[in-house]
Amino acid sequence: TDLQGKPLCCYDGKAPCVKAIFMEGTQLLVGTKGSEIFEFDMSTEDSWRTNRKIITQGHSAGYDEKKKVQNSELWGLTTHPFLPQFVTAGDDKTLRVYDMYQRRQIAVRNISSKARSAAYSPDGKFIAAGFFGGGFIVFETNTGNEVIAKKHRREEISDIKFSPNGRWLAVGSHDNFVDVYDTTRSYKRVGVCKGHSSYITHLDWSEDSRYLQTNSGDYELLFWEVPGCEQIKFPTALKDTRWDSWTSTLGWPVQGVWPKHADGTDVNACCRSGDGMVVATADD
């Protein structure tokens with residue numbers, strides 16, 4: 001409004017509600033509950049209609065009406081196999097693609113459920129996302145078109161990864177199982193890795209796509225042969241195996257990430273660099 005209270009503009013977009021505003025000179029900044037910041041040119045009465053842009057975007061906050069608290073979380077994160085891009089998956093039921101160099105969101109896709117994990121296919125053509133309530137979806141990166149959606153579990157999909165050769169998709173859940181799907185047969189489930197006594201936390205593929213290593217909530221490290229999902233009882237048989245990724249917080253190569261006298265809760269996540277030279281870790 002102007003000094004007399006006359007409305008100068010009224011922007012009624014589809015973004016969530018406005019949480020903050022700031023004006024300096026003729027520039028108006030509007031922040032929303034959806035993590036967006038819009039900039040409007042207010043130099044004339046009608047300039048805001050054409051001279052406006054979005055400064056930043058992100059995942060939005062959720063609100064629990066019963067508990068009266070903000071409850072949305074961001075869990076899924078995966079990088080593109082060769083482009084400077086990454087995908088995030090959140091409780092706001094969206095997957096968002098960001099450009100690392102531009103430091104901005106370049107794409108967003110709405111999904112039907114809260115998402116807890118995400119993964120690119122080796123060629124970057126597909127993205128898979130695991131849901132909070134079990135099940136997963138695979139869609140095309142360029143078009144956003146759904147390829148397949150399946151649900152064999154009731155609890156959250158905590159990790160999901162394509163094999164390096166692109167044929168298999170491993171899906172780890174809080175039901176204590178890892179399901180393996182064949183991407184060449186319409187994502188038919190071909191194996192179930194059974195043996196963990198707690199929920200799956202991390203999984204990794206070997207470079208030749210023959211083996212899986214998995215972590216669970218009770219700090220087990222187990223190994224499996226794919227696609228039959230036979231547990232390998234003697235891990236020393238894989239001592240020379242090269243792993244395509246290493247997100248497991250347990251194992252000989254990542255002993256150094258654990259502080260002295262640490263327990264299993266002190267390191268929640270880790271990720272080895274592509275050249276195998278460094279490891280990034282995360283805690284509470």
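Quick one: grab the alpha carbon gyration tensor of the range 85-198, order the square roots of its eigenvalues as a ≥ b ≥ c, and give me rounded if a/c is under 1.5, else prolate or oblate depending on whether a/b is larger than b/c. Intermediate values should be presented prior to the final figure.
On the way: a/c = 1.92, a/b = 1.45, b/c = 1.32.
Verdict is prolate for the range 85-198.
Given a 1.4 Å probe, how much area per residue of the chain is accessible, in Å²?
On the way: 16360 Å² over 284 residues.
Using a 1.4 Å probe on heavy atoms only, each residue of the chain averages 58 Å².
With the calculation restricted to Cα positions, what are the radius of gyration and Dmax of the range 175-224 in angstrom?
That works out to 11.4, 34 Å for Rg and Dmax.
Using the Cα atoms of the chain to build a convex hull, what is its mean projected area in square nanometres?
On the way: hull surface 76.2 nm².
Mean projected area of the Cα convex hull: 19.0 nm².
So which chymotrypsin sites (Phe, Trp or Tyr not before Pro) in the range 77-180 are both in a DSSP loop and have at most 10 other Cβ atoms within 10 Å of their Cβ? Working shown, then result.
On the way: sites: F82, F86, Y98, Y101, Y120, F126, F131, F132, F136, F139, F162, W168, F177; in loops: F82, Y101, F132, F177.
In loop regions of the range 77-180 (DSSP not H, G, I, E or B), the sparsely surrounded chymotrypsin sites (Phe, Trp or Tyr not before Pro) are Y101.
Relative to a virtual label point 7 Å from the Cα of N142 in the Cα→beta-carbon direction, which members of the range 150-170 show backbone nitrogen distances below 16 Å?
none
Of A128, A262, A115, which has the largest mean-square fluctuation in a 10 Å C-alpha GNM of the chain?
Looking only at A128, A262, A115, the biggest GNM fluctuation is shown by A262.
Along each of the three principal axes of the Cα atoms of the range 128-284, give the extent in whole Å, ordering the values from largest to smallest.
That works out to 47, 33, 32 Å along the principal axes.
Quick check: pseudo-label points 7 Å beyond the Cα along Cα→Cβ at T236 and M100, how many nm apart are they?
Those two pseudo-labels are separated by 3.9 nm.
Over the range 76-139, consider all pairs of different Cα atoms and compute the Kirkwood hydrodynamic radius from their mean reciprocal separation; express it in Å, one decimal. Show your work: numbers first, answer last.
Values: mean 1/r = 0.0861 Å⁻¹.
Taking every pair of different Cα atoms in the range 76-139, averaging 1/r and inverting gives 11.6 Å.
At a 1.4 Å probe, what is the % contribution of carbon and sulfur to the accessible area of the chain? Let's see the in-between values first.
Details: 8300 of 16360 Å².
On the chain, the fraction of accessible area on carbon and sulfur atoms equals 51 percent.
Considering only the other residues whose Cβ falls under 10 Å of the Cβ of G90, what net charge follows from Lys and Arg at +1 and Asp and Glu at -1?
Details: positive: K93, R96, K114, R116; negative: E73, D91, D92.
Spelling it out: positives minus negatives among the neighbours equals +1.
Could you compute the net charge surrounding G134? Neighbours are other residues with a C-beta less than 9 Å from the C-beta of G134; K and R count +1, D and E count -1.
Working: positive: K151, R153, R154; negative: E155, E156, D175.
Neighbourhood net charge equals 0.
In units of 2.2 N^0.38 Å, what is the alpha-carbon radius of gyration of the range 206-274? Intermediate values should be presented prior to the final figure.
Details: Rg = 12.6 Å, N = 69, 2.2 N^0.38 = 11.0 Å.
Against the compact-globule rule of thumb, the ratio is 1.15.
The values are calculated or read from the model by the stated rules, or taken from the named source; none is laboratory data. Quick caveat: nothing in here was measured; it's all calculated off a predicted structure. Neighbour counts run over all protein chains shown; Cβ positions are idealised from the backbone, glycine included. The protein model used for the area step is the full one, side chains on, heavy atoms only, and it has no ligands, DNA or RNA in it. Shrake-Rupley method; radii C 1.70, N 1.55, O 1.52, S 1.80 Å.
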